[in-house]
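*Asks:* Dropping a structure here in structure tokens format, bear with me for questions.
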Amino acid sequence: MLVFDGGTQLEVGWQGGTSDLSITWNTIDLTTSPTLVGSPYEWRSSRPDPLAEVTGRVLTGWTVTESPYFPGTADLTGDLPMDQVRGWSTHGLWLSFAGIDLHIYSGADITLISKGLGWSGEQGHIRVV
């Protein structure tokens, strides 16, 4: 969740691995403690390094990112066989803040955030639409 000036919230999350992307505005009540798997938790303010760099900047644009999917017979143990790509699926959300880009994406069972394309394995395999 990103909280903007004035309290506006952008909420991004995945459910069921990478299949169901949810993008909502202002639906989470931060005054109510969340309960996960029957255990109470607390909201806490934190700024991972990529978010700290955009604090105070203006959101200038957004788009989605996509990752390739392959036939079940493709050998994915080495370099990805990009010549066998059968299509592209939504991978994440790309937010631009006046020269700094954030990539919010699914890490199978968690939501991740990085500055630009976060790790070298994404280079050439994730596209910004």
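*Asks:* Using the count of nearby Cβ atoms within 10 Å as a rough guide to exposure, how do 114, 22 rank from fewest to most?
*Replies:* In order of increasing Cβ crowding within 10 Å: 22, 114.
*Asks:* Here is a further query. Take 37, 129, 12 and order them by how many other Cβ atoms sit within 10 Å, fewest up front.
*Replies:* In increasing order of surrounding Cβ atoms, one gets 37, 129, 12.
*Asks:* Take 44, 57 and order them by how many other Cβ atoms sit within 10 Å, fewest up front.
*Replies:* Final ranking by Cβ density, sparse to dense: 44, 57.
*Asks:* To the nearest 0.05, how large is the calculated FRET efficiency for residue 9 and residue 83 if R₀ is 35 Å and r is the Cβ-Cβ distance?
*Replies:* Given R0 = 35 Å and the Cβ-Cβ separation, E is 0.25.
*Asks:* Give me the number: length gained by fully extending residue 63 to residue 49, i.e. 0.36 nm times residue separation minus the C-alpha to C-alpha distance, one decimal in nm.
*Replies:* 2.9 nm
*Asks:* Given that just one value was derived from the coordinates, which of [x] 9, 22, 17, 14, 11, 8, 5, 8, 5, 0; [y] 11, 37, 33, 15, 5, 0; [z] 10, 26, 36, 21, 6, 1, 0 is P(r) over Cα pairs in 10 Å bins from 0, in percent?
*Replies:* Calculated P(r) over Cα pairs in 10 Å bins from 0, in percent: the matching label is [y].
*Asks:* With a Förster radius of 25 Å, plug the Cβ-Cβ distance of residue 37 and residue 125 into 1/(1 + (r/R0)^6) and report the FRET value to the nearest 0.05.
*Replies:* For R0 = 25 Å, the calculated efficiency reads 0.15.
*Asks:* Return, ordered by residue number, the residues of segment 39-62 whose backbone nitrogen is under 17 Å from a label point located 7 Å along Cα→Cβ of residue 98.
*Replies:* Answer for this model: 51-62.
*Asks:* Relative contact order for the chain: what percent, with Cα pairs under 8 Å and sequence separation of 6 or more?
*Replies:* Contact order relative to length: 23 percent.
Quick note: the coordinates plus some simple rules give every number you see, no bench work behind them. In this text the structure is predicted, and so the values were computed from the model without any measurement. So basically every Cβ, Gly included, is an ideal-geometry build from the backbone, and we count neighbours across all protein chains shown.
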